[in-house]
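Enquirer: I have a structure here, written as structure tokens, and I will follow up with some questions on it.
The values are calculated or read from the model by the stated rules, or taken from the named source; none is laboratory data. Model, not experiment: these values are computed from the prediction. No Cβ is skipped: glycine too gets one built from the backbone with ideal geometry, and neighbour counts run over all protein chains shown.
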Amino acid sequence: MSEPTKRFKLNIKNEEYIIIGNEEQSHMSMVNDLVNEHLDLLMDHNPTLSKEQAAILLAINTVSLQVKQQEKILDLRTTISELNNKVDILEENNQRLEHLESRLNDLNDREREKTKDIIENNGDISEADLQNQIEIQKLMNQQVKEKIKNKNQQKNKNK
């Protein structure tokens, strides 16, 4: 349901105008004061202007400002859309990275199991050698993770 319309009495340059709208009285009072201030400024800068000429100049200035604000809004909407697209890409890359890390962890688990099986079956690998192998594998896995992360960061910078 739409808001009920209200009647406002404005006094612009000592002339009364009845305005019908949905705004609050405080808003319309502010508009009334601003219009009078701007008209006074225009007429002070050029005393030969009539009220009508000053009103037309004020209307032109106001519409010009509105057009500029609308252009800014459109630019901001475009920027927001571009940023949302970048966020989507980052989220996709993050999901891929999490998937790769999960696969890497699975591989690490399988490798540990195989190493344990080899030790149990062959018995010729010492516990120290096993720990060294595990540490080496951890370092290699960490390097792979870093490479993947760096590649994703480079892709995101290039987009």
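For every residue, the table says whether it meets (1) of a type in the set (Val, Ile, Thr); (2) within 20 Å of GLN153 (Cα to Cα); (3) surrounded by 10 or more Cβ atoms within 10 Å (Cβ to Cβ).
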site: ILE56; (1), (2), (3): yes, no, yes
site: ASP75; (1), (2), (3): no, no, yes
site: GLU92; (1), (2), (3): no, yes, yes
site: ARG110; (1), (2), (3): no, no, yes
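Enquirer: Okay, moving on. Only one of these conditions is not met by GLN66: (1) loosely packed, with under 12 Cβ neighbours inside 10 Å; (2) in contact with a His (Cβ under 8 Å, 6 or more places away or on another chain). Which number is it?
Expert: The one condition GLN66 does not meet is (2).
Enquirer: Go through the stretch 134-159 and count every residue that is among the β-branched types (Val, Ile, Thr) and outside any helix (DSSP H, G or I).
Expert: 0
Enquirer: Within the stretch 6-36, can you find the residues that are surrounded by fewer than 10 Cβ atoms within 10 Å (Cβ to Cβ) and either aliphatic (A, V, I, L, M) or more than 36 Å from the chain's Cα centre (by Cα) (or both)?
Expert: ARG7, ASN14, GLU15, GLU16, ILE18, ILE20, listed by residue number.
Enquirer: Residue pairs, Cβ under 8 Å, 6 or more apart or interchain, first in the stretch 60-84 and assigned to a helix (DSSP H, G or I), second at pLDDT 95 or above. List them.
Expert: Qualifying pairs under 8 Å: ASN61/HIS38.
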